[in-house]
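Heads up, the thing below is written out as structure tokens.
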Amino acid sequence: MPNFQQPSAMPIHKYSGYDAVDIADRTWPANRITKAPRWLSTDLRDGNQALIDPMSPERKRRMFDQLVKMGYKEIEVGFPASGQTDFDFVRSIIEEPGAIPDDVTISVLTQAREDLIERTVESLKGARRATVHLYNATAPVFRRVVFRGSKDDIKQIAVDGTRLVMEYAEKILGPETEFGYQYSPEIFTDTELDFALEVCEAVMDVYQPGPGREIILNLPATVERSTPSTHADRFEWMGRNLSRREHVVLSVHPHNDRGTAVAAAELAVMAGADRVEGCLFGQGERTGNVDLVTLGMNLFSQGVDPQIDFSDIDEIRRTWEYCNQMEVHPRHPYVGDLVYTSFSGSHQDAIKKGFDAMEADAKAKGVTVDDIEWAVPYLPIDPKDVGRSYEAVIRVNSQSGKGGIAYVLKNDHKLDLPRRMQVEFSKVIQTKTDAEGGEVTPGAIWETFQDEYLPNEANAAARWGRLQLRSGQTTTDTDGVDTLTVDAVVDGQETALKGTGNGPISAFFDALQAIGIDVRLLDYQEHTMSEGASAQAASYIECAIDDKVMWGIGIDANTTRASLKAVVSAVNRAGR
Ligand SMILES: CC(=O)SCCNC(=O)CCNC(=O)[C@H](O)C(C)(C)COP(=O)(O)OP(=O)(O)OC[C@H]1O[C@@H](n2cnc3c(N)ncnc32)[C@H](O)[C@@H]1OP(=O)(O)O
Ligand SMILES: CC(C)C(=O)C(=O)O
Ligand SMILES: [Mg+2]
């Protein structure tokens with residue numbers, strides 16, 4: 001096929017590509033992530049600083065409590081030198097007994113400026129575990145435009161900042177505080193690798209990490225600039241070249257400007273990152289920080305424990321929406337309203353078969369479906385594991401086929417329709433969706449089903465059809481011949497019918513023959529709808545009635561009655 005694409009008129013000359021990393025013997029592509037990295041939530045700092053209306057103290061507290069409840073052990077709680085609100089928030093959680101669990105480390109961010117550092121460290125007085133996070137940009141355009149200084153000047157900002165953090169921590173914080181330090185060469189992604197390394201080494205020379213004294217070196221994709229693979233190369237290069245590597249916690253902090261933050265984080269972990277910083281649902285500056293929920297759930301879906309509890313994902317989302325005053329997109333991975341829903345026929349067919357196969361496999365092994373490996377097509381995880389029901393899994397519209405409709409009837413009403421009956425009923429629904437458009441809700445599917453197949457069971461006003469069954473009795477003689485007597489309403493008249501046959505169904509056909517209705521049996525299936533003494537049975541009968549082939553269904557606690565009702569259902573439909 002010829003390619004008809006044409007050069008665009010976009011101003012491409014304004015932009016340049018990123019540099020590849022010279023690391024031909026890279027090892028990260030072969031690595032697998034087999035355990036959760038250390039997580040840091042920066043919802044209360046990077047997420048909060050990106051909001052039109054930053055969180056009120058009450059909203060900040062709700063978010064903090066939610067993060068603690070989910071299991072995050074490192075939480076960046078603000079930029080206390082930015083103003084009174086952040087400062088007071090940090091003080092409030094430190095001063096309230098029990099607000100910060102003993103195993104949670106709070107962290108605070110500061111620029112490398114003495115007044116800001118002093119105020120920042122002051123905010124941490126009395127904390128059990130606290131980290132000061134210092135940053136300064138190291139990339140060429142920042143050196144030239146923002147700081148207007150040389151490489152050495154920029155390195156000096158980091159060195160002086162580190163020394164000041166240590167001095168103020170020594171002066172202000174008592175022995176009750178287990179103090180930690182984190183340094184970020186901001187805009188790492190645009191910084192020359194050897195210079196990023198040089199600055200990190202200079203910072204370490206001041207801080208002197210060693211046994212029992214870790215340093216967190218966080219390499220941020222402040223603005224995402226490259227493919228995740230180049231980002232991973234940069235992490236592998238830094239990991240190989242950093243001295244004192246065993247005392248360094250190498251941390252990744254992706255933003256999502258190119259839409260690949262999740263991949264960038266995962267590949268960086270494969271390349272040696274020990275720790276990931278991000279925000280729930282990808283909140284954060286511009287296109288957001290990396291989404292911690294997607295990262296955690298990606299691990300979960302591969303059988304790796306994220307060490308974070310996502311089992312009530314809608315509650316997490318409600319809290320997040322309240323705190324951020326924003327809405328999660330309906331297609332957001334793992335949590336959006338539509339992410340466990342299929343509208344299209346072939347997906348629905350496969351999902352229904354998947355659920356049926358899971359049930360059968362579990363039964364064969366004598367266990368429950370929760371004990372076997374998840375294998376339902378089109379559903380990467382079991383929605384139940386994040387607190388979702390199966391209700392939304394299949395939704396029916398004009399793109400849907402028989403499988404989806406059959407799924408709704410089975411799931412909501414325990415009716416396991418035979419395949420040819422599924423085809424028959426899906427045509428009824430298709431007529432409805434073609435005529436009315438839009439979605440057909442499970443309630444509307446059931447109403448249509450009742451009206452089509454069970455008019456005598458549904459409300460009396462909606463009854464229709466030539467025949468209604470009142471009561472029936474069979475007797476069997478010594479030759480095995482059944483005689484059936486039936487009290488019925490035929491064309492509005494109370495009528496007594498009688499017939500014989502080699503079973504109740506053929507006896508009923510014989511009785512119908514007497515009033516001019518010619519019925520032949522083509523297929524018969526039945527199943528119980530629940531366990532126990534009061535269990536209902538569903539009978540499905542496919543009949544040739546005069547020149548029409550029709551399915552009917554009967555539901556009753558008595559299987560004979562259920563099958564007679566199914567014949568009535570088919571006969572009435574033939575005359576509709
Ligand atoms: C990538 C990130 O997310 S970084 C975090 C960004 N978050 C925030 O900035 C939120 C909170 N910040 C604030 O509220 C304010 O910036 C404050 C209160 C901390 C400081 O405000 P101001 O004193 O007005 O300074 P402002 O933020 O404009 O900073 C600009 C000055 O700081 C310098 N600067 C910027 N970053 C740094 C840094 N990391 N270390 C040292 N100096 C820095 C700039 O070069 C500039 O200096 P100049 O005035 O000599 O040209
Ligand atoms: C302060 C740093 C870590 C940051 O948020 C960034 O560079 O994106
Ligand atoms: Mg950031």
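The values are calculated or read from the model by the stated rules, or taken from the named source; none is laboratory data. Because the structure is a prediction, the values reported are computed rather than measured. Here the Cβ is made from the backbone with ideal geometry for all residues, glycine too, and neighbour counts use every protein chain on show. The accessibility values were calculated without ligands, DNA or RNA, using every heavy atom of the protein model including side chains. Shrake-Rupley method; radii C 1.70, N 1.55, O 1.52, S 1.80 Å.
Among residues of region 177-190 that are in the same structural domain as residue 233 (by TED's automatic domain parsing), those with a Cβ under 9 angstrom from a residue that is open to solvent by less than 20 Å² (accessible area, probe 1.4 Å) and aromatic (Phe, Trp, Tyr), sequence gap 6+ or separate chain, pair up as 181/207; 183/207; 185/195.
Consider region 353-396 and keep the residues that are small (Gly, Ala, Ser) and part of a helix (DSSP H, G or I). The one that is nearest to residue 429 (Cα to Cα) is 354.
Beta carbons closer than 6 Å, at least 6 apart along the sequence or on distinct chains, never pair a first residue in region 208-224 that is touching a residue at least 40 places away in the same chain (Cβ under 8 Å) and closer than 10 Å to residue 244 by Cβ with a second that is polar (S, T, N, Q) and within 11 Å of ligand 2 (Cβ to nearest atom). The combined condition, being assigned by TED's automatic domain parsing to the domain that holds residue 51, farther than 26 Å from residue 66 by Cα and within 16 Å of ligand 2 (Cβ to nearest atom), is fulfilled by residue 200.
If you check 148, 143 for being without any contact (Cβ under 8 Å) to a residue 24 or more places away in the chain, away from ligand 3 (no atom under 16 Å from the Cβ), in contact with a Ser or Thr (Cβ under 9 Å, 6 or more places away or on another chain) and of a type outside the set (Asp, Glu), only one passes: 143. Please verify whether region 493-509 includes one or more residues that are open to solvent by 70 Å² or more (accessible area, probe 1.4 Å) and either touching a Pro at 6+ places or on another chain (Cβ under 8 Å) or of a type in the set (A, V, I, L, M) (or both). Yes, region 493-509 contains at least one residue that is open to solvent by 70 Å² or more (accessible area, probe 1.4 Å) and either touching a Pro at 6+ places or on another chain (Cβ under 8 Å) or of a type in the set (A, V, I, L, M) (or both). Is it the case that some residue within region 102-125 is within 16 Å of residue 172 (Cα to Cα) and in a loop (DSSP other than H, G, I, E, B)? Yes, because at least one residue in region 102-125 is within 16 Å of residue 172 (Cα to Cα) and in a loop (DSSP other than H, G, I, E, B).
Only residues that are more than 16 Å from ligand 2 (Cβ to nearest atom), farther than 11 Å from residue 334 by Cβ and part of a loop (DSSP other than H, G, I, E, B) were counted across region 282-313, and they come to 10.
For region 95-111, a tally of residues being away from ligand 1 (no atom under 16 Å from the Cβ) and either open to solvent by less than 60 Å² (accessible area, probe 1.4 Å) or closer than 22 Å to residue 215 by Cβ (or both) returns 7.
Among the residues of region 146-163, those identified as open to solvent by 20 Å² or more (accessible area, probe 1.4 Å) and either away from ligand 2 (no atom under 16 Å from the Cβ) or in contact with a Pro (Cβ under 8 Å, 6 or more places away or on another chain) (or both) are 148, 149, 150, 151, 152, 153, 155, 156, 159, 160, 163.
Residue-wise test of (1) modelled with pLDDT of 95 or more; (2) within 30 Å of residue 178 (Cβ to Cβ); (3) open to solvent by 20 Å² or more (accessible area, probe 1.4 Å).
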residue: 2; (1), (2), (3): yes, no, yes
residue: 26; (1), (2), (3): yes, no, yes
residue: 31; (1), (2), (3): yes, no, yes
residue: 52; (1), (2), (3): no, no, yes
residue: 74; (1), (2), (3): yes, yes, yes
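Just so you know, in region 205-260 the residues that are aliphatic (A, V, I, L, M) and more than 30 Å from residue 179 (Cβ to Cβ) include one that is most open to solvent (accessible area, probe 1.4 Å), and it is 223.
Residues in region 164-181 that are away from ligand 1 (no atom under 13 Å from the Cβ), closer than 26 Å to residue 255 by Cβ and either open to solvent by less than 10 Å² (accessible area, probe 1.4 Å) or modelled with pLDDT under 95 (or both): 181 only.
Hey, could you check region 290-336 for residues that are among the hydrophobic types (A, V, I, L, M, F, W, C) and open to solvent by 40 Å² or more (accessible area, probe 1.4 Å) and say which is farthest from residue 68 (Cα to Cα)? Result: 326. Among the residues making up region 127-143, a single one is open to solvent by 10 Å² or more (accessible area, probe 1.4 Å), within 10 Å of ligand 1 (Cβ to nearest atom) and not in a helix (DSSP H, G or I): 135.
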